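A.B. asks: Okay, handing you the structure first.
The values are calculated or read from the model by the stated rules, or taken from the named source; none is laboratory data. Just so it is clear, the structure is predicted and the values come from calculations on it, not from any experiment. Every residue, glycine as well, gets a Cβ built from its backbone with ideal geometry; the counts of neighbours run over all protein chains shown.
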Amino acid sequence: MSILKLVYITAQAPYGKGETFINEEMLAIKDKSEIFIFPRNPEEEIFHKEAETLRNYTIWLPLINLKMFLNLLLFLIIKPQIWEIIISIFRYSQTLPILIKNLIVLPKGVYISEIIRKMKIDHIHAHWGSTTSTIAYVVSQLTGIPWSFTLHRWDIKENNMLKEKAKTAKFVRVISRDGYNEVLRIIGDEYIDKCFLLHMGVDIPKLKIGREKKDKDDFIIATPANLVEVKGHKYLIEAIDMLKRKGYNVKCYFLGDGPLRRDLEKTVNEMSLEDIVIFKGAIPHNQLLELYANKEVDCVILPSIVTDKGEHEGIPVSLMEAMVYKIPVISTNTGGIPELLNNGAGIIVEQKDPYELAEAIETLIKNERLRRELGEGGYRKVMEEFSLPSIVTKLLELMKG
C-alpha cells in the first residue's frame, strides 16, 4: 500500500512554545506517512527540542506578504472559483472579527494551494477550527484535495464557519465527548456521520521513570499551563495559602506564560507566597518530561474553570503527560476532564472552589498509598484510551478512508 502524502496546517507548530501535543502527533505521523507542515504564523525559532526534527518537514511562510497578496489579485482575475470561496467566507463568518480573521488568511491559503498543486498530496489536515482550518478549507476548495480538521475546545465555542467546514470536509475530529456533543449542537445532525470522537494521545515515556524521592522537604506541585483565565490559577493560589496556614511545606511551580502573569504575581506577593508559588515561565517540553521522569514532582494540578464567555478545557494533554509518568493529578469537573480522570485515574474537584482543592491536596500529602494508587490508575487510563500510536493509526485510517 502506498504511503499517504499529507499536509498539516497548524497555528505555529513546530515553532513556538505551544502546541506540544500537535508536535507529538506529527512526529508519530511522519513515521507512517510523508508529511508537509504549513504553520499559519510561525516564529523564527523552534523552542521544544523534540520539535527540531519537524523543521525538515516544514515549509516556512509568513502569515502574509506582498507576494501572497499579488498572487491573490491574480487569482481574482483568472480563477472565478476564488470568488465563490470569498462569498462563502462572507456568508458563513458569523461575526465581523471572524470575517476579518478569515480574510487575513485567505491570501496564504491561495498561495499554499499553488505550492502543493503538483505535489500529489492525498489529504490536508488542520488543527483547530479557527483560521488554520479556514486555510485548509481554501486550499481544498481550490485543489480538490480532501481535507479534515481537529477541534479542541475554544475553537468550538468560536464557531468559525463550522457547519460550512463540516459540509466540505471529509471528516471532523473532536478530541472529547463533551466537545463532540457541543459540535453537534452547533452543526446539527446533518453531518453527524462526518464527526468522530478521537482523543489526542501521548507517547509511552522514552525516559526511565525514577523512584519517588524520600528526602524532599516540600511537597512539589506543578501546573503546566498557560497563564490564562480558563486555567484557573488564582484558585490554586488560594488553596496553597490555606495549606501554608495549616503548616504544610509545599512548593508550587507555574510552568507557563501568558497575559495574566503580572496579575497572578501581584496576588502571590500580596499573600506573601512568593517563596512558595514560583513562576518558572514556559519550559522546553523535554525538560518538563525529565522533571516527571526524575520524580521531582509529587502532583500535577490543573484548576481549570468555565469562563463567563463559556470557554472551557477539552481533554488536557498536560494531565495525560503527568499520568503516563505515574504522577497523581488533580483537576476540575469542567469540559472533557472528567472523561480523562474518572474511575480512579485522578482526583476531580469542583471548579472555582479553593477549599475543596486544598482538601484534595492535603489528602495526597498525607496519603502516600493513595498517591501510588492514583499514579497507577492514571497510567492505565492513558495507556488504554490515550496511547498515541493507537490514536495515530485510527487517524490515518480516517484519512485513507
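A.B. asks: Provide a single number: the residues in segment 100-156 that are among the basic types (Lys, Arg), closer than 15 Å to Phe38 by Cα and assigned to a helix (DSSP H, G or I).
C.D. replies: Matching residues across segment 100-156 total 1.
A.B. asks: I've got another one for you. Within segment 83-93, does at least one residue satisfy the condition of being among the basic types (Lys, Arg) and over 24 Å from the mean Cα position of the chain (by Cα)?
C.D. replies: Yes: one or more hits.
A.B. asks: Of everything in segment 303-319 that's out of contact with any His (no Cβ under 7 Å at 6 or more places or on another chain) and closer than 17 Å to Tyr379 by Cα, which residue is surrounded by the most Cβ atoms within 10 Å (Cβ to Cβ)?
C.D. replies: Out of the qualifying residues, it is Leu319.
A.B. asks: Contact list please: Cβ distance under 8 Å, first residue in segment 79-92 and within 15 Å of Asn159 (Cβ to Cβ), second residue basic (Lys, Arg), pairs at least six apart or on different chains.
C.D. replies: The qualifying pairs are Tyr92/Lys163.
A.B. asks: Would you confirm, using the coordinates I've provided, whether Ile29 is surrounded by 16 or more Cβ atoms within 10 Å (Cβ to Cβ) and in a helix (DSSP H, G or I)? Steps first, please.
C.D. replies: Details: surrounded by 16 or more Cβ atoms within 10 Å (Cβ to Cβ): yes; in a helix (DSSP H, G or I): yes.
Spelling it out, Ile29 is indeed surrounded by 16 or more Cβ atoms within 10 Å (Cβ to Cβ) and in a helix (DSSP H, G or I).
A.B. asks: Of everything in segment 6-22 that's small (Gly, Ala, Ser) and out of contact with any helix residue (DSSP H, G or I) (no Cβ under 8 Å at 6 or more places or on another chain), which residue is farthest from Val202 (Cα to Cα)?
C.D. replies: Applying the filter and picking the extreme gives Gly16.
A.B. asks: Being assigned to a helix (DSSP H, G or I) and either closer than 25 Å to Asn286 by Cβ or in the same structural domain as Ile283 (by TED's automatic domain parsing) (or both) is the filter here; which residues of segment 48-86 pass it?
C.D. replies: Listed by number, the residues that qualify are Lys49, Glu50, Ala51, Glu52, Thr53, Leu54, Arg55, Asn56, Tyr57.
A.B. asks: Still on this structure: Quick check on this structure: which one of Gly335, Gly344 is modelled with pLDDT under 95, on the phi > 0 side of the Ramachandran plot, surrounded by 20 or more Cβ atoms within 10 Å (Cβ to Cβ) and assigned to a loop (DSSP other than H, G, I, E, B)?
C.D. replies: Gly335
A.B. asks: Taking Ile89, is it part of a loop (DSSP other than H, G, I, E, B) and assigned by TED's automatic domain parsing to the domain that holds Arg153?
C.D. replies: no
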